[in-house]
Amino acid sequence: MSVAGVVQFLPTVERILFGEGCVAAHLREEVARLGGRRPLLVTTPSLHRSSGPLAEALAALGPDLAAVFPGCREHVPLGSVLAAARAANEAGADLVITLGGGSVIDTGKALRACLAAGLTSERELADFLRSAPPLTAPLLPQIAIPTTLSGAEYTRSFSATDLVAQEKLSYVHSATAPKVLLYDPRMTLATPPRLWLSSGVMALTHAIEVMLATEPHPVGDVLKAESIRGLCRHLPRTRDAPEDLTARLHCQLSAWLADHSPLRATPLQPRPAFLLCHSLAYDLASLHRVPYGLSACVTLPAALRWYGARPGAMERQGSLAAALGIEGRSSPEEVAAAVEGFIAGLGLPTRLRDVGVPREALPELARRLRQRALGASVEAAEVELLLSLENAW
């Protein structure tokens, strides 16, 4: 089999700092390096109430902080984005710092887009996301301090939810990515265990789905395999020893490798990628309010069986089995069973019914999935997708 591809270095994230205490040591100097004089810190109500990560970030910033916006919400409702944008305007913010998981990081990206595009209402924001016009005005710089393993910090996109239309809307633009990332395991200690562990399964899903849904690549496959090995080794350790900062940092670095390395390895002529779990996560979030991490937990085993039945799947199963540490057991059923056992061993749900999705909702989910598959030029019969959802239920 011939091998051809391209490695595209992304002109987005400028610096990644990692290690215990890197927020205390480097946050203020990174703000200054980016020209920030009035940073806005964006976070969640729960982190705002906690005495750990927020206190360390505030201490690192000192008197330079313009304001704190503690109103980020799960699934990034349009209203919370606009509230954050108003807070930035009122504070005269010239830089955004996001402290939290994927919803917080996406709120930071979205509020910067709102300010650049002059969006002030939910209707304007929804129309902007649906039409996806290019951004012409510069965006405020963003520094991301992740507290989960969601991986939102490295993507060139963000998603927000139109609660009225029950629709998850996305926007892609290189300028939306943060300029600086700080992976400090101390910042993750206040993250609830279920959220931390399920976000780790989402990171695992990033690596596995990209490995199975795209053409082989000599660089990308190495990164994904190392990510899978690292998460399988260190994520259970953080369950058993939550204070183990070394294990937490290894999880952060493994999640980075899953989808957010300093390069994006893609085939030279890529076939459109239809990522089953990720596509389903949008509709589970908008229709049933299932958090992203939990959506990965309850759909990944069934997705592995679906991928395993696709043409050409077996050539990737061996590499995946090796990364999972189950060499010699590379059939789709064996791989799916191993991953399902791993998720269950973390104390997380593995069925759609376990996260409140009723069985009668499956046909609508299958219909939406098929539309997403067709949008990626992937042939997948609705009945085939419904069977996969039945398997996941």
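The values are calculated or read from the model by the stated rules, or taken from the named source; none is laboratory data. This structure is a prediction, so every number in the text was calculated from the model and none was measured. Using ideal geometry, Cβ is built from the backbone for each residue, glycine included, and neighbour counts are taken over all protein chains shown.
Taking the criterion of being at pLDDT below 95 and in contact with a helix residue (DSSP H, G or I) (Cβ under 9 Å, 6 or more places away or on another chain), would at least one residue in the range 123-130 satisfy it? No, there is no match, as no residue in the range 123-130 is at pLDDT below 95 and in contact with a helix residue (DSSP H, G or I) (Cβ under 9 Å, 6 or more places away or on another chain). On inspection, Val96 does not qualify as in the same structural domain as Ala25 (by TED's automatic domain parsing), over 24 Å from Ala32 (Cα atoms) and touching a Leu at 6+ places or on another chain (Cβ under 7 Å).
Against the test of being crowded, with 24+ Cβ neighbours inside 10 Å and hydroxyl-bearing (Ser, Thr, Tyr), the options Thr147, Thr176, Thr136, Thr120 yield a single qualifying residue, Thr147.
Leu54: at pLDDT 95 or above and either aliphatic (A, V, I, L, M) or in contact with a Leu (Cβ under 6 Å, 6 or more places away or on another chain) (or both), yes or no? So Leu54 fails the test. The single condition among (1) in contact with a Cys (Cβ under 6 Å, 6 or more places away or on another chain); (2) farther than 16 Å from Gly108 by Cα; (3) of a type in the set (Ser, Thr, Tyr) that Thr44 does not meet is (2). A Cβ distance below 6 Å, combined with a sequence gap of six or more or placement on separate chains, defines the contacts here; from the range 203-225, residues that are under 17 Å from Tyr307 (Cα atoms) and surrounded by 23 or more Cβ atoms within 10 Å (Cβ to Cβ) reach residues that are at pLDDT below 90 and among the hydroxyl-bearing types (Ser, Thr, Tyr) in the pairs Leu212/Tyr307. Cβ-Cβ distances below 6 Å connect the following pairs, each with a first residue in the range 298-311 that is under 16 Å from Phe342 (Cα atoms), a second residue that is acidic (Asp, Glu), and a separation of six or more residues or different chains: Pro301/Glu340.
Summed over the range 144-176, residues that are part of a strand (DSSP E or B) and over 16 Å from the mean Cα position of the chain (by Cα) total 2. If the condition is being buried (at least 24 other Cβ atoms within 10 Å of the Cβ), more than 15 Å from the chain's Cα centre (by Cα) and of a type in the set (Lys, Arg), then the range 73-117 contributes only Arg112. The residue pairs whose first member lies in the range 78-96 and is hydroxyl-bearing (Ser, Thr, Tyr), whose second member is part of a helix (DSSP H, G or I), and whose beta carbons are closer than 8 Å, counting only pairs six or more residues apart or on different chains, are Ser80/Thr107.
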